[in-house]
1. Is one or more of the residues making up the stretch 148-158 under 28 Å from residue 395 (Cα atoms), in contact with a helix residue (DSSP H, G or I) (Cβ under 7 Å, 6 or more places away or on another chain) and modelled with pLDDT of 95 or more?
2. Would a scan of the stretch 326-346 turn up a residue that is in the same structural domain as residue 261 (by TED's automatic domain parsing), out of contact with any strand residue (DSSP E or B) (no Cβ under 9 Å at 6 or more places or on another chain), surrounded by 14 or more Cβ atoms within 10 Å (Cβ to Cβ) and closer than 29 Å to residue 228 by Cα?
3. Would you mind telling me which numbered condition in (1) modelled with pLDDT under 95; (2) under 23 Å from the mean Cα position of the chain (by Cα); (3) part of a strand (DSSP E or B) residue 371 fails?
4. As an exercise: evaluate residue 357 against (1) surrounded by fewer than 19 Cβ atoms within 10 Å (Cβ to Cβ); (2) out of contact with any helix residue (DSSP H, G or I) (no Cβ under 9 Å at 6 or more places or on another chain) and give the number of the one condition it does not meet.
5. State yes or no: is residue 410 part of a loop (DSSP other than H, G, I, E, B), touching a residue at least 12 places away in the same chain (Cβ under 8 Å) and not assigned by TED's automatic domain parsing to the domain that holds residue 211?
6. State all residues of the stretch 56-70 that are in contact with a strand residue (DSSP E or B) (Cβ under 7 Å, 6 or more places away or on another chain), within 13 Å of residue 16 (Cβ to Cβ) and buried (at least 18 other Cβ atoms within 10 Å of the Cβ); if no residue qualifies, say none.
7. Taking residue 109 as meeting all but one of (1) at pLDDT below 85; (2) out of contact with any helix residue (DSSP H, G or I) (no Cβ under 9 Å at 6 or more places or on another chain); (3) farther than 30 Å from residue 324 by Cα, write down the number of the exception.
8. Output the residue which, of all residues in the stretch 395-407 that are surrounded by fewer than 18 Cβ atoms within 10 Å (Cβ to Cβ) and over 16 Å from residue 209 (Cα atoms), is nearest to the chain's Cα centre (by Cα).
């Protein structure tokens, strides 16, 4: 596409979690009056190189991915302005400065987030990402994000409801509530996530579904009964992201997680009482001091709670965090062995969980084209991806009744019912 007769081109590229992508959309709207904004790295065949980049980076798993993105931007448009925001702690900034002295580090607050009227810029026209808070109330020993994002700041419920209302009116069929830790939303303002969701459901009618963002177990325990009631509404995806990180009580204490393995098991069992619910969790292997028994405890909790989604991460030291100087470093080869064992167990469990859907019939919403020609990815009521093959083109947002024919670890296979 030729942008030569329009405003200069700016590329906003986000990494990491939904909260970061939500911030990326706010950044895009802030620049919309000055630039023609696109999301992602522009294709090299475009006739105009970006005049500027905003790299909204994630360094949760280390700096490598963010530094690679910086190098790609410099290669794609050597003369472009480069702004970096997102989770950019001090050590990353130092490494980035060695690569280029052109980089300007900034923040969402400095960039501003007011959107000119008539410019509902989103990465997807059908998915509305709503940041409900920033920061957290925890001090996990391994986490560098809190060093950047700071303490919890919850956004007013009335503002969030109005944003959801506007997004649904603008055609969004999926609303993602997101933040660094949605579990503690409202703890600084006298409310909680369950109350927010119920307010949205009461005040925003429409044919949409809401996905709740990640919440740490210790916070969600405080209003569990009210939260469970939210999932009785068909407009809420039967999906929850509860990061346990380890099944070992010793490692959880060393991580300063403030919840026990039993707490997580209790929560998992409560949500799994919903038929075909999607439980998502995170696990870290190789945290300093992790013994073979600690790892077995993690394997055991995976088997006991049977999540359908699991992010498995090998521990990476982050400067300026308590874990950085902890004794008992686990050798890399042990980390690799343990993460492979966890992945093998998880994929078996996920396949078994997904197999429960086989022979069911349900309504799904098309999300995007698949990787193979003639294939599409849809979402079902539990936010499971459903792969569909169709000879005729399907459009994002279309709804179809499908029969689930097969199951894989990371997706269901569906056939459209004529």
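1. Going through the stretch 148-158, the residues under 28 Å from residue 395 (Cα atoms) turn out to be none.
So far as the stretch 148-158 goes, no, none of its residues is under 28 Å from residue 395 (Cα atoms), in contact with a helix residue (DSSP H, G or I) (Cβ under 7 Å, 6 or more places away or on another chain) and modelled with pLDDT of 95 or more.
2. yes
3. (3)
4. (1)
5. Working: part of a loop (DSSP other than H, G, I, E, B): yes; touching a residue at least 12 places away in the same chain (Cβ under 8 Å): yes; not assigned by TED's automatic domain parsing to the domain that holds residue 211: yes.
Yes.
6. Result: 56, 57, 58, 66, 69.
7. (3)
8. Among those that are surrounded by fewer than 18 Cβ atoms within 10 Å (Cβ to Cβ) and over 16 Å from residue 209 (Cα atoms), it is 395.
The values are calculated or read from the model by the stated rules, or taken from the named source; none is laboratory data. As the structure is a computational prediction, the values presented were derived from the model and not from experiment. Positions of Cβ are backbone-derived with ideal geometry, glycine not excepted, and every protein chain shown enters the neighbour counts.
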